[in-house]
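See structure below.
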Amino acid sequence: MAGIMKKPLIIICFILLLSGCANVFDKHIEYAYQEPDSYPILKAVGYAPISLQPGKNQQQKEILAIKASKLEAYRELAEQVYGQQITANASVRGMITTNDTLNSKVQGAVRGAKVIKSYAVGDSYATELELDMKLVHDLYIGQVKPRTVKKITYY
């Protein structure tokens, strides 16, 4: 009976010894940062009507149009960076379309964009933005620090 008890005890000791050795080794991991081959420069233009803006006088309407055109340009940049979510619905009754809707949604944070120009064009205001993806990459690397394993050294 003593011989039967020794075999499981020896197996358990052997398993513990092997699993304990795995934690004995220290390791050093070197990471390599990945960088894209090229960085595009994205451009966007936003427009807003001046006369349709709420305001007591022409100067207030122009300031609001400047802000609206800038937001429109940022929306266009966000579309280029993140894409646009499209939702469409259509209802048909008796082979006639009774309801047809199309919605779009853009969501994302745009960092590093520069206003290139802001100017009036007739009764509209236009704002031109530029987004250098190299700057976006540098901002991203500074925050997230993405990396891949370059080399693992065991001691």
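The values are calculated or read from the model by the stated rules, or taken from the named source; none is laboratory data. In this text the structure is predicted, and so the values were computed from the model without any measurement. Here the Cβ positions follow ideal geometry from the backbone for every residue, glycine too, while neighbour counts run over all protein chains shown.
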Report summary line: Within the stretch 93-113, of all residues that are among the basic types (Lys, Arg) and either under 30 Å from residue 139 (Cβ atoms) or surrounded by 10 or more Cβ atoms within 10 Å (Cβ to Cβ) (or both), the one nearest to the chain's Cα centre (by Cα) is 111
Report summary line: Subset of the stretch 126-155, residues surrounded by 13 or more Cβ atoms within 10 Å (Cβ to Cβ) and assigned to a strand (DSSP E or B), comes to 126, 127, 128, 129, 130, 131, 132
Report task. Tell me which of these residue 83 doesn't satisfy, since it passes every other one: (1) loosely packed, with under 15 Cβ neighbours inside 10 Å; (2) closer than 27 Å to residue 137 by Cα; (3) in contact with a strand residue (DSSP E or B) (Cβ under 7 Å, 6 or more places away or on another chain). Result -> (3)
Requested in this report: Could you check, for the stretch 12-34, whether at least one of its residues is at pLDDT 70 or above, surrounded by fewer than 10 Cβ atoms within 10 Å (Cβ to Cβ) and within 30 Å of residue 77 (Cβ to Cβ)?
Outcome: yes
Query raised in the report: Somewhere in the stretch 117-137, is a residue of a type outside the set (D, E, K, R), under 30 Å from residue 28 (Cβ atoms) and within 24 Å of the chain's Cα centre (by Cα)?
Result: yes
